[in-house]
Structures are given as structure tokens and as C-alpha cells.
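The values are calculated or read from the model by the stated rules, or taken from the named source; none is laboratory data. Predicted model, so just to flag it, every value in this text is computed and none were measured. A quick note on method: Cβ atoms are made from the backbone with ideal geometry, for glycine too, and the neighbour counts reach across all protein chains shown. What goes into the accessible areas is simple: the full protein's heavy atoms, side chains included, and nothing from ligands, DNA or RNA. Shrake-Rupley method; radii C 1.70, N 1.55, O 1.52, S 1.80 Å.
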Amino acid sequence: MTKVIQIKDIANYDGQEVTVRGWVYNRTGKGRLQFILLRDGSGQAQCVAFKKEMTPDEFEIARGLSQESSVIITGTVRADERAPGYPGGYEIGIQQLQLVQQADDYPITPKDHGTEYLMNHRHLWVRSNRQWAILRIRATIIKAMRDWLDDQGFLLVDTPIITPAAGEETTPVFDVDYFGETAYLAQTGQLYNEANIMAFGKVYCFGPTFRAEKSKTRRHLIEFWMLEPEIAFCSLEELMDIEEGLVSAGVEQVLAKHQQELAIIERDVNKLEAITAPFARISYDDAVARLQARHAELDDPQQRAELAIELGEDFGSPHETALAEMFDKPVFVYHYPTAVKAFYMTPVAGRPEVCRSVDLLAPEGYGEIIGGSERIHDLDLLARNIDAMGLGREAYEWYLELRRFGTVPHAGFGIGIERTVAWICGLNHVRETIPYARLLNRKYP
RNA sequence: UCCGUAGUAGCUCAAUUGGCAGAGCAAUCGGCUGUUAACCGAUCGGUUCUUGGUUCAAGUCCAAGCUACGGAGCCA
């Protein structure tokens, strides 16, 4: 029994006999010579079948292998510059081949397919190179950001998915039948984070969140994953320091560990190498002025209509894109109008029409990847806002109590994992950044 | 919800002014000892999204609907 190896480690076994187990990604042949590109989840390696080096029965199996058939192959590793794969450069000369199952008419061929077809076969599509690369990068981004927070003294504190009240008042939520009562799927863990910082100082939660919005764009999912740090005794400026440290750590780790995957998805690595702290910080007022200046340069009537903006209005998607295009790194926009932001955001002292909020806009048109703010820590002001929004005191009683027992200035933010992955990978849609996307018209598979 | 585009073989797409339903890939069979989405030969493959209408004749024109894609709003 030879050693079973992972293909990613193949370079360590040059000249040795090994066993690999996996699936046929592709096969080409020239009569008595067959090339089997085998993937095992960790990588891909070319396995070469010569008729004279195998039993006749096993060679016939090799000659007839279909795409995604599962096999166990034993053979000798040898370096060969012609060998494709990941990492590539090594191939396996097959001595024994065991067929686990001959796959029957695999639907996703190595040719072009449409989006709908691929999404209908997402359970199989995740096997493809490009999806393999993206989902591996996603895992690294999550790990890098969590490691960074852990190293900074944050504690992971999980927050509930089923909640008694909608977290934010602005967006529609999903109802859940909770033994005859109505509960809601979480849109954010923030309110619970605010309780948890009073116990642990610096915390974050990480998990799925749910928005019942009828949004159908390349930036929206119904179910998406969010990493939400919250920090006691934290100002908006300190919050921006944390955000840029977190984001640049994620980019740095992807560059360090995934050159191979970035090559598969053909990402322009130069643009990622530029993503280092600090990031530009501009006020909402400044952003509006920049957009108005840009607007004045435009001739096209449709573009002019999209980019028109007055002080006090919220940004639409075209505004965010235009702003981000002015920078080659993510850019912070702070002090948004109070009226367009959530009820818990602290008004700026002396200028209550704007609030201590900050969004981080990703470059290359990917839009907002982070939203954050200083939270109101004054009991009376928070209670007034809750009443003014018509939210109902009962569900928020515990939240108000946080301001009654040792309230402190604090701040936090949420970073959308899928938008971040889409930006770092240079994808044109978030649906490829999550294994099984939930979209307005899709919950299958 | 609004605006725009599309729907033809398992997949990706053609089909001229309304005039015989086509190709590549996949699949099946055969050939080939260095292939990189191999190549060569053959075979197989159709409710042209649905319903109704115009016409000698509809994939093509008209009406309604369905589905998908892209964008807006809203958001991360």
C-alpha cells in the first residue's frame, strides 16, 4: 500500500510511488497514450497512462474515462515541464488504476455555459477551476480577517440568527413562525455586539444575515455573510484605523497564499498590491463637492442624470462608483446625513444634521463594502429615536438598558464578505463568491 | 416595483425579405506514444419558452403571459 498524498504536495514526492484519489477533470488521448487530468480538491495533476505499463483491462478503463469519473490512481511522480495542473510541473506515470465510478454525461463541459445553466448546476459548478479558486480565496479572506481581529484582542461572540425584532428599520425582513409568534431572521448582529462589548471590550460576530429586499443587482444577495466588529470606548477615527487594518490584512494574505488562484481567475495583481493602509478619508460634504465637480464635466444627459446630487441626499450606486474611481484604494466617506442613516448613529456635535458614520467604498466600482458608525450611548436620545421611528419600546428594552448600566462611547462596523471577495477577486457578480447563492429568483440548489 | 435585452439540439450559438431546422462542443463508434478546451473520420441528437392570432406558408410578424439576464431604487 503506497502513501496517499494530496496533489498540492506533489513536488515533495518526485521519483516516489504514490496514490492519489479524485475526479477526472479532463482526458485527452493519443491511442496507446492517455492523459488524465485528475483533481483531488487540493489541486490538479496530470496522470499519464501508457498501454505497455499497465494491465490491458486497466488501460481500457483509462481510455474510456469520462469527465468527473472518480478514480484511485497509483503511480510514480516525475517532474515534467509540460505537465499542466495545480501546482503543475509534475505528473504521475500510472501503474494501477481503480475506477470508483464511471460518471455518466457530466453536464458541465470544458466549454462555455450560460449563467442560468451554471447556477442551476451550482452543486457541480463548484468543482470547476474558477469556482475552486474563488471559494478558496473566500476562505482565506475570512480567516485572515478573523486572525487579524483575534491578534488585536477581539473576542468572537456569536449572535442569534432568530431575533425578536428587526435589527434595522429600513429594510424588509424574513418572518419566522416561532411557536405561533412572529420572529425574524437577523439582518445584523450589531445590537447584540453592543451588549457583548460591555462584557468583553472588543468583540466581533461572524455569520449569515438575511435581507428580504427585492434587489436584483450584481452586489446583492438575500443571504449574505457579514463580519461585524464592535469596540467599547472607540471613536470614528479609531474605527477607520481598524477597518483599514482589517481590509489590508485580508488583501495581504490573499496575495501571500493565492498567486495560483489569482492567476486562474486572471485577477490584475498589481491593483491588489496597491491596497495598503492608510486609505483616503473624505467627508460626505467633500464627497458631494467632488461629485458635483465631476457632474459638471459630463456631457452625456443620462450620465448627468445619474450623477446629479445635492447636499443631504444619499448616494446611489452610480455616485459610489464615481467616487471610488477617484482613488486606487478603498476610500472612507464619513459624516453622512443623519436622515439617511440608522437610528442608532451618533449626531455630530454642533451639526446634528450629519452623523458619526463611515462607509468604506471599494475601488473598481464594487461600491460599499463596509458600513459603520459611532453608536448613540445617551439613553434619552436613543429612546427618542426609537420612538420617532415607531419601532416599539418592548423589543428594544434590553438595548436601552445597555445605556442605563455603565454606558460608554462605542463604535462598530459590518463588512460584507461577498462584496469584499468580489472586489478582491475582480468578479462582476457576488453570486460566484458564495457556494450556494440565495438571490431574488433563486433558492435552488 | 420600474426600464432594457433575450429564450432554437444535452451545452454555446447561427438561420438573408416570412419560403426544406444548421454548426461547434458533448455523447456513441473507430484511428493515433506527449496531449494542454488535442486532432481526424463516422453516428446520434428538435414541443424553435407557452397560449392565441395574421398568412398559401411563421424560429421570423402581431397580442398576452412565463422565465432568465442586465440596470435603477434600497443596502453590506
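Side notes on the structure shown:
- Derived scalar couplings between HN and Hα for the range A:310-319 equal 10, 3, x, 8, 7, 7, x, 4, x, 5 Hz in order, rounded to whole Hz, by the Karplus curve 6.51 cos²θ - 1.76 cosθ + 1.60 (θ = phi - 60°), x for Gly and Pro.
- Cα centroid of the range A:94-121 to Cα centroid of the range A:28-85, whole Å: 16 Å
- Think of it as helices only: each DSSP H run of n ≥ 4 in chain A is worth -39500 (n - 2.57), and spread over all residues that comes to -9500 deg cm²/dmol at 222 nm.
- Under 12 Å, Cβ to Cβ, from A:D9 - net charge with Lys/Arg +1 and Asp/Glu -1: 0
- Residue among A:R304, A:R419, A:R218 with the largest mean-square fluctuation in a Gaussian network model of chain A, springs linking Cα atoms under 10 Å: A:R304
- Convex hull volume of the Cα atoms of the range A:125-177, normalised per residue: 167 Å³.
- Helix A:284-297 axis, angle to chain A major axis (alpha carbon atoms, nearest 10°): 70 degrees
- Ligands, DNA and RNA excluded, the heavy atoms of A:K143 present near 110 Å² of accessible surface to a 1.4 Å solvent probe.
- Apolar share of the accessible surface for the range A:66-114: 44 percent from carbon plus sulfur atoms, 1.4 Å probe.
- Multiplying each eigenvalue of the alpha-carbon gyration tensor of the range A:50-181 by 5 and taking the square root yields semi-axes of 46, 23, 15 Å, largest first, rounded to whole angstroms.
- At 0.890 mPa s and 25 °C, Stokes diffusion of the range A:340-445 via Kirkwood alpha-carbon radius, µm² per second: 149 µm²/s
- The 3J(HN,Hα) values that the Karplus relation (6.51, -1.76, 1.60; θ = phi - 60°) gives for the range A:88-100 are, in residue order, x, x, 10, 9, 10, x, 6, 9, 10, 9, 10, 7, 8 Hz. Gly and Pro appear as x.
- Filter on A:K111/A:K143; A:K3/A:K51; A:K143/A:K329; A:K143/A:K341; A:K202/A:K271 - keep pairs with C-alpha separation over 27 Å: A:K111/A:K143; A:K143/A:K341; A:K202/A:K271
- Under 5 Å from the amide H of A:S283 lie the amide H atoms of A:Y334, each residue being 5 or more positions distant or on a separate chain, with H modelled from the backbone and absent for Pro and chain starts.
- Nitroxide proxy distance, nm - points 7 Å out along Cα→Cβ at A:L439 and A:D285: 4.2 nm
- Spatial separation of Cα centroids for the range A:265-336 and the range A:407-445, in angstrom: 20 Å
- Taking all pairs of distinct alpha-carbon atoms in the range A:25-115, Kirkwood radius in angstrom: 13.5 Å
- Viscosity 1.002 mPa s, temperature 20 °C, Stokes-Einstein D of the range A:123-432 from Kirkwood C-alpha radius, µm²/s: 105 µm²/s
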